[in-house]
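Only one structure is covered here, and it is reproduced in the block below.
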There are 2 protein chains.
Amino acid sequence: MQKRVTATDVAELAGVSRTTVSFVLNNVPGMRISEETRRKVLEAAQQLDYHPNISAQRLVTGQTRIIAYVERQTPEQAFSDAFLPQVLRGVHDAATASNYEVLFAPVPVENGAERCEYLLRGGHVDGIILSGPRSDDLQLRDLLERGAPLVLQGHWPGVATASVDIDNREAARMAVKHLIGLNHRQLGMIVHAPLAYTAAASRLHGYRDIVESNGLSVDESCIAEADFTPESGERAMEALLQCDPPPTAIFASSDTVAIGAMREAKRMGYRIPEDMSFVGFDDIPMAVYQDPPLTTVRLPAYGLGWAAADLLIRLIAQEEVRERNLLLESELIIRASCGAEL
Amino acid sequence: MQKRVTATDVAELAGVSRTTVSFVLNNVPGMRISEETRRKVLEAAQQLDYHPNISAQRLVTGQTRIIAYVERQTPEQAFSDAFLPQVLRGVHDAATASNYEVLFAPVPVENGAERCEYLLRGGHVDGIILSGPRSDDLQLRDLLERGAPLVLQGHWPGVATASVDIDNREAARMAVKHLIGLNHRQLGMIVHAPLAYTAAASRLHGYRDIVESNGLSVDESCIAEADFTPESGERAMEALLQCDPPPTAIFASSDTVAIGAMREAKRMGYRIPEDMSFVGFDDIPMAVYQDPPLTTVRLPAYGLGWAAADLLIRLIAQEEVRERNLLLESELIIRASCGAEL
DNA sequence: CCCGATTGCTGACACGTGTTAGCATTATTA
DNA sequence: TAATAATGCTAACACGTGTCAGCAATCGGG
């Protein structure tokens, strides 16, 4: 490993001062540099294959130009997170566009705040995108209220922090409207997670909105709760089949859960979509490869990542941000699982 | 945003020199510090909530304690990479265990080497894990030959670089043996990617090994090539069904492709596993939710990430590493798609 | 009582960069 | 011609830390 090439080396080769090298390479505005000198510096830098030392730059500017993507999930949840690649890619692309880099920082659920504190205070990163928040963390609340540059991926009612999410309630309405439009009147819902998860609660709200606005009454026994996994979807489906009469259409608020539910329904002899229709939520890559392919709400995963990073970077730059709580559009993807004309 | 707390502040509060603070907080061996002083320093640090500035540490030590995970794939490939969460988690956990952090750096396929060069020379990171290599990149070869701290996730014949992979050939053998053991004699294979991808070539080798060692001849028309996607799997299956007689068992060297192939076989009226058996490769999360669930070779995704990071960190530390080319164990996961007793 | 060893601590330099204030030199104006 | 302005460049400080060489005070032994 040869010695590092520093700006001083470039300066010597070009026959100018190190200051001049800095001015030329950073295109500092207002500094008058002759074309001749500029050329010499650039040539010297190229010849020596000079790369400025980023740690030194960070030390002196006080900015790291790194943002952290902090994922706050259990390993099991994380492993089956089909969206991470897309979200992360969105984060990265937005970051790169503003000359930022991305630190990947999953964190044990219990000490998320400590880790964020460490990253920010130690000067590891300029800001944080926090995914998978749970609203019961006081330490984290502290951090937010002290004005840490932080964007939530998701939504956290009652805490005034920047966030990026989809309109879960409206998206759920869209899904349920589709079922109603296909003349289903006996509806059931499988909520994909405990209602402490705000996304789950919102999607249930959307379901109620549409059922009620169509003059139908919400049968509470036709609402079952799952717990993220396909297995929990199977059990939830089992419960729904006890309803009398059983629902003819199911809205499951995540595809993963929907897939479990479909398996159970098939096992019990129901044909899909002839006897029972299904709409999921997320549009995970495997949704289209179900038998039958699953109608679902597409989550703009890449866009969520992109928007979160973009918003965070604006906050870091102290830009005046008009809307600190973004809601992205989602889209109903109609497939064969509810028998609509394609 | 209040002023940064520096080691000097801690020193003043504790009534000692900054040097002493450094010695205490870093537990520098050989430095005799009285218990009294040590206590005062630790208290002061705690009271001020001191976090050392990592950029300054990096500048002076010349180490960043960051490794980059460089993903060199097209966005389409990356989006459907069901393993990224697990691999990345493995990388992160191993990194954290050695007090390293992880930079996520996907990179356009065409200028991977430039980006690696930038990351290393600019002092962004101490080393790189490179995933998704293609063997036709000369620039990258240069980088490797100059001894850059780099671990390949995968295998690159003819280039002496550190790497972590599974034994693709042996894993494929395992899969095909299973089919032979179920008394199949008419075998077909769908290679999941062009043979320029070394993993694809190795898996095909494994297939040939077992077919031949069982005294069967490899019918070249019963080998079809796909291109990563399920659609390409459908087309490949279409081709295999032209064989006379058609195969009774298919080894598809990725689950994604296998799923497409199964769909096509079902469409043509074949029952699985009664009329035709399938074995995939990867054990993606959706494999178990196929109808029927797919028998496949499980890739130790987390372990690959972990091992890659661990190896890289040893290389960075100039440790004497016995084996620079690791092969991890994979495992045959038997499900219903080939009719074996469960 | 003196000398060397040990203990506990500190001063000063180095890391590589951004940036401000200012210094020659040349061009422009009165 | 002298005063002023513009041009092109540089010296010097700052960022916050790790660490080496060395200094004062205390201790132990003869």
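The values are calculated or read from the model by the stated rules, or taken from the named source; none is laboratory data. If you're wondering where the values come from, they're calculated on a predicted model, not measured in any experiment. Quick reminder, even Gly has a Cβ in these numbers, built from the backbone with ideal geometry, and neighbours come from all protein chains shown. All accessible areas refer to the heavy atoms of the entire protein, side chains included, with ligands and DNA or RNA removed. Shrake-Rupley method; radii C 1.70, N 1.55, O 1.52, S 1.80 Å.
Figure legend: label point modelled 7 angstrom from the Cα of B:LYS177 along Cα→Cβ; residues of region B:243-276 with amide N under 20 Å from it are B:249-254. Listed peptides B:202-211, A:242-251, B:276-285 appear in the order B:276-285, B:202-211, A:242-251 once ranked by packing, highest mean of other Cβ atoms within 10 Å at the front.
Here, chain B is characterised by an Rg to Rh ratio of 1.14, where Rg is the alpha-carbon radius of gyration and Rh the Kirkwood radius. Distances between copies at A:GLY158, taken between label points 7 Å from Cα along the C-beta direction, are 6.4 nm in increasing order. Ellipticity at 222 nm from helices only: DSSP H runs of n ≥ 4 in the protein assembly as shown, each -39500 (n - 2.57), divided by the residue count, give -13000 deg cm²/dmol. Taking every C-alpha pair closer than 8 Å and separated by at least 6 residues, the mean separation divided by the residue count of region B:1-135 gives a relative contact order of 27 percent.
For region A:93-107, a reduction of at least 50 Å² in accessible area between the chain on its own and the assembled protein chains (probe 1.4 Å) is found at A:GLU101, A:LEU103, A:PHE104, A:PRO106.
Bridging of A:LYS3 to lysines at a Cα separation below 27 Å is possible for A:LYS40, once same-chain residues fewer than 8 apart are set aside. The residues of chain A have, on average, 45 Å² of accessible surface per residue, using a 1.4 Å probe with all protein chains present. Restricting region A:1-63 to trypsin sites (Lys or Arg not before Pro) that sit in a DSSP loop and have at most 14 other Cβ atoms within 10 Å of their own Cβ leaves A:LYS3, A:ARG4, A:ARG32. When only the Cβ of Lys, Arg, Asp and Glu is charged (+1, +1, -1, -1), the dipole of region A:7-52 relative to its Cα centre reaches about 200 debye.
Of interest is the spacing of the C-alpha centroids, which for region B:317-337 and region B:119-175 amounts to 15 Å.
Modelled spin-label separation between A:ARG39 and B:ASP49, with each label point placed 7 Å from Cα along the Cα-to-Cβ direction: 5.6 nm. For region B:243-321, a crude dipole built from +1 on the beta carbon of Lys and Arg and -1 on the beta carbon of Asp and Glu, taken about the Cα centre, is about 240 debye to the nearest 20.
When the accessible areas of A alone and B alone are added and the area of the pair subtracted, with a 1.4 Å probe, the result is around 4800 Å², both sides summed.
Ligands, DNA and RNA left out, the accessible area of chain A computed with a 1.4 Å probe is 49% carbon and sulfur. If R0 is 51 Å, what FRET efficiency do you get for B:GLU12 and A:CYS243 from their C-beta distance, rounded to 0.05? So, using R0 = 51 Å, E works out to roughly 0.10. Scoring A:67-78, A:85-96 by mean Cβ neighbours within 10 Å over their residues and listing the highest first yields A:85-96, A:67-78. Calculated from the alpha-carbon coordinates, region B:7-52 shows an Rg and a Dmax of 9.3, 27 Å respectively.
Computed from the Cβ-Cβ distance with R0 of 60 Å, the FRET efficiency linking A:ARG4 to B:ARG32 stands at 0.95.
Accessible surface for B:TRP306 stands near 90 Å², nearest 10, in the context of the full protein assembly shown (1.4 Å probe).
Give me the Debye-computed log₁₀ of I(q)/I(0) at q = 0.09, 0.11 Å⁻¹ for the protein assembly as shown, equal point scatterers on Cα only, no solvent, two decimals. Here the Debye-derived log intensity ratios amount to -0.89, -1.21. Averaging the Cα positions of each part gives two centres, and for region B:231-291 and region A:43-106 these lie 40 Å apart.
Which residue, chosen from A:THR295, A:HIS192, A:LEU315, occupies the Cα position most advanced towards the positive end of the dipole of the protein assembly as shown, where the dipole is computed from +1 (Lys, Arg) and -1 (Asp, Glu) charges on Cβ about the Cα centre? Positive-end residue among those listed: A:LEU315.
Here each label is just a point 7 Å from Cα along the line to Cβ, and for A:VAL159 and A:MET268 those points are 3.8 nm apart. Distance between the modelled labels on B:ASN99 and B:ASP209, one decimal in nanometres: 4.2 nm (7 Å Cα→Cβ projection).
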